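Report on the structure given below.
Only the coordinates and a few stated rules stand behind these numbers; no lab work does. This structure is a prediction, so every number in the text was calculated from the model and none was measured. Note: ideal-geometry Cβ built from the backbone for every residue, glycine included; neighbour counts use all protein chains shown.
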Amino acid sequence: MAFAALLFVGVSAAAHPGPSVVIGALTESIARDGESVALLVRRAEEYRQLRDYGAALADADRALGLEPGNVPALLLSAELYGMQGQGATALALGREAVALAAGTPYSGGAWMTLSRVQEQAGDRAGALESVEKALATARPEVDWFLAESRLLAASGEGVRRLAALRAAITRNSSVVLEDELTDALIAGGAHEEAMARVEQGLAGSRFQARWLIRRARIWKALGDGESMRRDLRAALLEVAQRERKDVVNAGLAAHRAEAEALLGVK
């Protein structure tokens with residue numbers, strides 16, 4: 001979350017220590033200086049990284065006990081309660097945080113937290129509305145635009161998804177958003193525009209697997225199985241050439257999995 005960086009205390013950010021190391025340092029600080037909202041929220045974030053949600057929630061609740069209206073603590077508590085299936089509590093905390101964060105730098109992040117909690121509770125329409133509120137704030141993050149795209153796709157709103165992504169790119173020219181638009185065009189059956197974007201991507205990219213897989217998806221939609229298989233085999237060949245046994249590359253693994261799925265490899 002955006003607010004986490006503001007609460008990084010007691011440990012050098014440049015060192016990128018693991019969560020267990022950070023928790024140890026924060027625990028020492030708490031023992032020495034006493035509990036504070038900043039220390040408790042920061043430690044709760046680290047416990048969450050370790051998936052120790054009980055410890056994370058205990059720290060977040062203690063932070064709220066010290067300062068009931070603390071927005072970062074409310075947001076973290078909302079997410080943690082949501083992850084544990086306590087939707088009503090999560091929603092109440094999320095809405096409280098949104099109200100308190102209005103007009104502050106936390107506002108966009110608060111709306112996004114509420115959106116995630118609403119989606120967990122099965123309220124996709126409410127989640128989408130909250131994302132749109134987040135995007136109306138001063139500095140929306142790329143991930144927020146992607147969340148809007150994902151929710152619109154899940155809702156079957158293909159036309160609206162395309163319009164939202166085109167508008168997003170006018171505000172943030174991220175390559176990630178451009179890629180999302182290409183994928184949305186493929187999913188929406190806009191094959192001519194999608195193909196033009198894919199060919200442009202192939203012409204300008206040293207590594208081509210992701211573009212070959214996109215083109216294969218277009219060939220599949222157009223019923224050209226031979227071209228689809230040709231592109232998928234070329235993508236898999238590139239992936240095999242780039243893979244290393246001693247290093248796990250999540251991107252390459254994803255490319256391999258998608259290409260093999262399209263080829264019907266089990």
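Looking only at segment 103-125, which residues are of a type in the set (Val, Ile, Thr) and either more than 25 Å from Pro68 (Cα to Cα) or not in a helix (DSSP H, G or I) (or both)? Let's see the steps before the verdict.
Our first condition is that a residue be of a type in the set (Val, Ile, Thr); within segment 103-125, this holds for 104, 113, 117.
Listed by number, the list holds a single entry, Thr104.
Restricting to segment 48-59, count the residues that are within 22 Å of the chain's Cα centre (by Cα) and crowded, with 24+ Cβ neighbours inside 10 Å. Outline the logic, then answer.
Quick first cut of segment 48-59, residues within 22 Å of the chain's Cα centre (by Cα) only: 48-53, 56-57.
From the residues that got through so far, the ones that are crowded, with 24+ Cβ neighbours inside 10 Å too are 56.
Looking only at that region, the number is 1.
Residues that are touching a residue at least 40 places away in the same chain (Cβ under 8 Å), surrounded by 21 or more Cβ atoms within 10 Å (Cβ to Cβ) and of a type outside the set (Asp, Glu), at least 1 per element: which helices (runs of 4 or more DSSP H) completely within segment 146-239 meet that?
Values: elements: 158-171, 175-187, 191-204, 209-222.
Once the helices (runs of 4 or more DSSP H) in segment 146-239 are filtered for at least 1 residues that are touching a residue at least 40 places away in the same chain (Cβ under 8 Å), surrounded by 21 or more Cβ atoms within 10 Å (Cβ to Cβ) and of a type outside the set (Asp, Glu), what remains is 209-222.
With respect to Ala253, is the statement that it is in contact (Cβ under 8 Å) with a residue 40 or more places away in the chain, not aromatic (Phe, Trp, Tyr) and not in a loop (DSSP other than H, G, I, E, B) true?
No, not satisfied.
Determine whether segment 220-237 contains at least one residue that is closer than 28 Å to Gly189 by Cβ and touching a Gly at 6+ places or on another chain (Cβ under 6 Å).
No: zero hits.
Got a sec? Which of Leu80, Leu100, Leu128 is in a helix (DSSP H, G or I), under 21 Å from Leu151 (Cβ atoms) and among the hydrophobic types (A, V, I, L, M, F, W, C)? I'd like the intermediate steps shown before the answer.
Working: Leu80 fails: under 21 Å from Leu151 (Cβ atoms); Leu100 fails: under 21 Å from Leu151 (Cβ atoms).
Within the list Leu80, Leu100, Leu128, the selection yields Leu128.
Report yes if Thr137 is surrounded by fewer than 22 Cβ atoms within 10 Å (Cβ to Cβ), β-branched (Val, Ile, Thr) and over 30 Å from Leu57 (Cα atoms), otherwise no. Lay out the reasoning, then the answer.
On the way: surrounded by fewer than 22 Cβ atoms within 10 Å (Cβ to Cβ): yes; β-branched (Val, Ile, Thr): yes; over 30 Å from Leu57 (Cα atoms): no.
Spelling it out, it is not the case that Thr137 is surrounded by fewer than 22 Cβ atoms within 10 Å (Cβ to Cβ), β-branched (Val, Ile, Thr) and over 30 Å from Leu57 (Cα atoms).
Counting only residues that are in contact with an Asp or Glu (Cβ under 8 Å, 6 or more places away or on another chain), more than 13 Å from Gln120 (Cβ to Cβ) and either among the acidic types (Asp, Glu) or surrounded by 24 or more Cβ atoms within 10 Å (Cβ to Cβ) (or both), how many does segment 64-105 have?
Selection size over segment 64-105: 4.
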